[in-house]
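A short write-up of the structure that comes next.
The values are calculated or read from the model by the stated rules, or taken from the named source; none is laboratory data. Small disclaimer: the values here were computed from a predicted structure and weren't measured. Here Cβ is always computed from backbone atoms with ideal geometry, including for glycine, and neighbour counts include all displayed protein chains.
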């Protein structure tokens, strides 16, 4: 329901304890999906499989922290603007439900269409948060827009100031988890080369492996019985 | 809880989600290869080589150095280095007859980073063998699984995030393949990559990397190829794009912004302006099957078959590639 941005879901779940659990589940799924969607950089840096899983878990955890901060920002900006006291958990449920579109963030890996899907998801998430604030917290549409825009700005400001040590800690944690230096960025892909030496191909002989596969198409029988069959080509 | 319209939409929506899920998983093969999870090996099918040697398919003889290496990259219907199509086989036979001095190679599977056939893959071999049986014996619909899978690999090759990695892998496979036929990277014997259909992208993508490893001139012949505006277009010595006037698959180019004529700075439009790419019209030819580039049956009584016209154009290109202006544009 939250995926379809159905307004009733926000009212339904807002005041229940299970609403919070439901919201946390969505945020967790969205976190895993988003981490997978952004995992290309781990591969580019040649992370080993176990380390890959570890780095993914850290990235998911950092998404959860991001969710808490985002909730906190929306809650404080909303309370300041409207003057009305909103319970923190109500905001947490509403913001969590608005994460629903990000459950599909994994689809950003789709070859060639990844950017398009990213754009659609970003737009969808933006609409989702505005609708969530509107229906879930009974804000006017313009208030919802203002609160989410201001919340976003506050988040950006925090990232560049007091959030800096947290971000540094996160990237330190990611580097530790990856087990290899994460030097290659997605923009470096066109310059990546697997072989440094121009005459690397001299070792191709060593790298060759033989496999024996059954024939794809069985040989046509050379018998006479087929000569009268008209083959549709 | 569902309203009526959403009930109707549910089925295509689920199909779309399953497809997107599959599509999102495909890059892991390429990425895992780059990360070294699947080892370094390049696979080749021994049964195929023995069969070819048995059939006395031409290999270079030391006394007669080959004039060119022609690497045929098949369309998206393949599952391994073996061709499934009688038309492709007929095309290759004719090309070999027409160009006795050239080495024509087709035992390459251009939709796998390490040339490992789908039917030989560690986990999904069973699935692909089943799909292959369905493709050969029917119902053909299941066979489209193979085409979709290979089409996704083409999308990977065209993607800015994965393309450079995939294309590097393919260039390695290609170099390994031609070197198995005694190609010397230090020599000046030209390499021709014929990319049929989706393999047009694979051929163009790999040129960037092949160029760094060999001194030989590299030409790309796109046979009804579907490709994006790849940097390889400006790296190849020349790109010849054979374009059938009835080739409906060419509509895919509209999905590639760099191929739009008004994006003047795209590699494709620059290559056309600089005379590094030539479009050759193939009158009346479709993409595949009846009326396609490789159709053996003449379109009308007394006319030449499409396959003969295609072979003639391609051999003319291979013989006179360094003078593209001499190549007849008869189509």
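Considering each of A:41, A:65 in turn, give the residue that is within 14 Å of chain B (Cβ to nearest Cβ) and either closer than 30 Å to residue A:178 by Cα or not in a helix (DSSP H, G or I) (or both).
The match here is A:41.
Considering each of B:148, B:119 in turn, give the residue that is within 19 Å of residue B:42 (Cβ to Cβ) and within 13 Å of chain A (Cβ to nearest Cβ).
Numbers: B:148 fails: within 19 Å of residue B:42 (Cβ to Cβ).
None of the other options fit; the residue is B:119.
Within the stretch A:44-56, can you find the residues that are at the interface with another protein chain (Cβ under 7 Å from one of its Cβ atoms) and outside any helix (DSSP H, G or I)?
Selection gives A:46, A:47.
Return only the number of the condition from (1) assigned to a helix (DSSP H, G or I); (2) more than 14 Å from chain B (Cβ to nearest Cβ) that residue A:139 does not satisfy.
Failed condition: (1).
Going by the conditions given, is residue A:102 touching a helix residue (DSSP H, G or I) at 6+ places or on another chain (Cβ under 6 Å) and surrounded by 15 or more Cβ atoms within 10 Å (Cβ to Cβ)?
Yes; evaluated as a whole, the condition is true for this residue.
Out of the residues in the stretch B:84-106 that are surrounded by 21 or more Cβ atoms within 10 Å (Cβ to Cβ) and assigned to a loop (DSSP other than H, G, I, E, B), state the one that is nearest to the chain's Cα centre (by Cα).
B:106
Hey, among A:191, A:230, which residue is within 13 Å of another protein chain (Cβ to nearest Cβ), out of contact with any strand residue (DSSP E or B) (no Cβ under 8 Å at 6 or more places or on another chain), modelled with pLDDT under 65 and surrounded by fewer than 12 Cβ atoms within 10 Å (Cβ to Cβ)?
Checking each option against the conditions leaves just A:230.
Looking at residue A:166, is it in a helix (DSSP H, G or I) and crowded, with 16+ Cβ neighbours inside 10 Å?
Against the criterion (in a helix (DSSP H, G or I) and crowded, with 16+ Cβ neighbours inside 10 Å), residue A:166 does not qualify.
Okay, residues lined up against (1) more than 9 Å from chain B (Cβ to nearest Cβ); (2) modelled with pLDDT under 90:
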position	(1), (2)
A:93	yes, yes
A:103	yes, no
A:110	no, no
A:113	no, no
A:120	yes, no
A:123	yes, no
A:131	yes, yes
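Residues B:234, B:272, B:255: which one is within 14 Å of another protein chain (Cβ to nearest Cβ), farther than 28 Å from residue B:86 by Cβ and without any contact (Cβ under 8 Å) to a residue 40 or more places away in the chain? Give the derivation first.
Values: B:234 fails: without any contact (Cβ under 8 Å) to a residue 40 or more places away in the chain; B:272 fails: within 14 Å of another protein chain (Cβ to nearest Cβ).
Result: B:255 is the single residue among B:234, B:272, B:255 that is within 14 Å of another protein chain (Cβ to nearest Cβ), farther than 28 Å from residue B:86 by Cβ and without any contact (Cβ under 8 Å) to a residue 40 or more places away in the chain.
Return the total of residues in the stretch B:276-328 being within 22 Å of residue B:68 (Cβ to Cβ) and surrounded by fewer than 12 Cβ atoms within 10 Å (Cβ to Cβ).
Total satisfying the criteria: 5.
In this structure, is residue B:152 more than 25 Å from residue B:250 (Cβ to Cβ) and either surrounded by fewer than 23 Cβ atoms within 10 Å (Cβ to Cβ) or in contact (Cβ under 8 Å) with a residue 12 or more places away in the chain (or both)?
Working: more than 25 Å from residue B:250 (Cβ to Cβ): no; either surrounded by fewer than 23 Cβ atoms within 10 Å (Cβ to Cβ) or in contact (Cβ under 8 Å) with a residue 12 or more places away in the chain (or both): yes.
So residue B:152 does not fit the description; no.
Read through the list (1) part of a loop (DSSP other than H, G, I, E, B); (2) within 14 Å of another protein chain (Cβ to nearest Cβ), then give the number of the only condition that residue A:86 fails.
Residue A:86 satisfies all of (1) part of a loop (DSSP other than H, G, I, E, B); (2) within 14 Å of another protein chain (Cβ to nearest Cβ) except (2).
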